[in-house]
1. So if each residue of separation counts as 0.36 nm, and I subtract the Cα-Cα distance between I435 and S275, what length gain in nm does that give?
2. Return the lysines within reach of K161: Cα separation strictly under 28 angstrom, same-chain partners fewer than 8 residues apart disregarded; answer none if there are no such residues.
3. For the stretch 118-269, what does the alpha-carbon gyration tensor say about shape, rounded, prolate or oblate, given a ≥ b ≥ c as the root eigenvalues, a/c under 1.5 as rounded, and a/b over b/c as prolate?
4. With a point put 7 Å past each Cα toward its Cβ, work out how far R118 is from A57 in nm, to one decimal.
5. Say we join alpha carbon atoms closer than 10 Å with springs in a Gaussian network model of the chain; which of D337, D94, D181 then has the biggest fluctuation?
6. Consider a paramagnetic label point 7 Å from the Cα of A344 along Cα→Cβ; state which residues of the stretch 378-398 have an amide N under 18 Å from it.
7. So what's the angle, to the nearest 10 degrees on a 0 to 90 scale, between helix 210-222 and the longest Cα principal axis of the chain?
8. Quick one: give the max-minus-min coordinate of the C-alpha atoms of the chain along each principal axis, largest first, in Å.
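Just so it is clear, none of the values below were taken in a lab; they were calculated from the coordinates. If you're wondering where the values come from, they're calculated on a predicted model, not measured in any experiment. For neighbour counting, all protein chains shown are included, and Cβ atoms are generated from backbone atoms with ideal geometry for every residue, glycine included.
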Amino acid sequence: MTSTLLRGRTLSFVRWPETIDDHAAWLYEEDGGVLISDGRIVASGAYRDVERQAGEAAKEIDHRPHLLLPGFIDTHVHFPQMQVIASYGAELLDWLNTYTFPEETKFANAQHGRRIARLFLDEMVRHGTTTVTAYCSVHKASAEAFFAESHDRNMLNIAGKVMMDRNAPEGVLDTPQSGYDDTKALIKEWHGKGRQHYAITPRFAITSSPEQMEMAGALCREHPDLHMQTHLSENHAEIAFTQQLYPRSRDYTDVYEHYGLLGKKSLFGHCIHLSEREADALSQSGSVAVFCPTSNLFLGSGLFDYQRFRRRDKPLRIAAATDVGGGTNYSMLRTMDEGYKVIALNGEKLNPFQSFWQITRGNAEALSVVGKIGTLDQGTDADIVVLDARATPAMRLRMETAQTLAQELFLLQTLGDDRAVREVYVAGRAAKSDIAN
Ligand SMILES: [Zn+2]
């Protein structure tokens, strides 16, 4: 097995950076090396040390002066919405009914699903994202298309067919039984196959009947190691409708709580308008609140209270995500730029190290996969992004006055997008070059 030695400026996080000077929170090498063999990181650190371990046979790729980071992780995204993104003028429920549900009916067709899955994962890789937690459509074929495409590329992805049996057009509905059966079959076929992970995916309380929620709870009990993903407390009309549909629930979170859907592997998209009781319930169960800034701004849903959620007595585990197609960009850099502004509107700041922690190690921790991805640690999978802070004339000009790593990272976040992504390695394979060819 030939190994590959990447050379560049390496940055990887050890824990949440409390401040901009909290140097112990990250590992940075001005002249760094990452040694890859058989899809894994065998060694990382100062180039001199890593080179010594590499031996003569290793193929060296010199990425200097660019930054090498763990590949970005997007923890909430809808792959069937590539032709929904950029749809004008609606709040959540209208947006779903007008654009999203009609579009998702097309995924009954397996060919269509495979085409979009291919283009979707191309787009993710082009933007430096090496892992997604994805919603498929209601159709079993859409999840099969996604996993087949993901497995072919050897990407670590988490996905599930959405379960939805009411309040949507016929073409995107299952039934409690068929949703359960299809999910079971998909888990059997795909979970643990190569790097694929299955997520039990009831879309949200509005589109699932109590009978279907029971089934989702049963699936979680039968497969406690699996992720569960859904939406929670995104928009006022959505919250009011949910209360109407589940009149005996104390609040929106209680609907999911009642059916046993809270837990350490549970991901709740949005969490914008939570009461203190709801935030406590999420915290106590170890559930994850997923921050989707471009989507929340685009649909006018509200401002996620990132720093307060972190600081409260019972803190929340937080992930960050694009939520394409409600989200407006595939890039985690663009996502954190908008995230910074949302947090600023709440009177707080997110420093650049915290941002880059979030989209690498932070998201890996939120997904409970930090032993596999999200760092450049020895023994983890070689999913790596190469970033160029001088990718455009405007960035190049601005970099003339940037003097610190913090300034460079903030510039990348504020001005950067897919053009700043020079290369992406997926399990050690140069995946962005593959697409360009
Ligand atoms: Zn979503």
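1. Full-extension gain reported as 53.1 nm.
2. Within reach: K106, K140, K184, K188, K193, K264, K265, K372, K432.
3. It is prolate, given that a/c is not under 1.5 and a/b is the larger ratio.
4. Calculated label separation equals 3.5 nm.
5. D94
6. 395, 398, by backbone N distance to the label point.
7. 40 degrees
8. Principal extents (Cα only, largest first): 64, 47, 38 Å.
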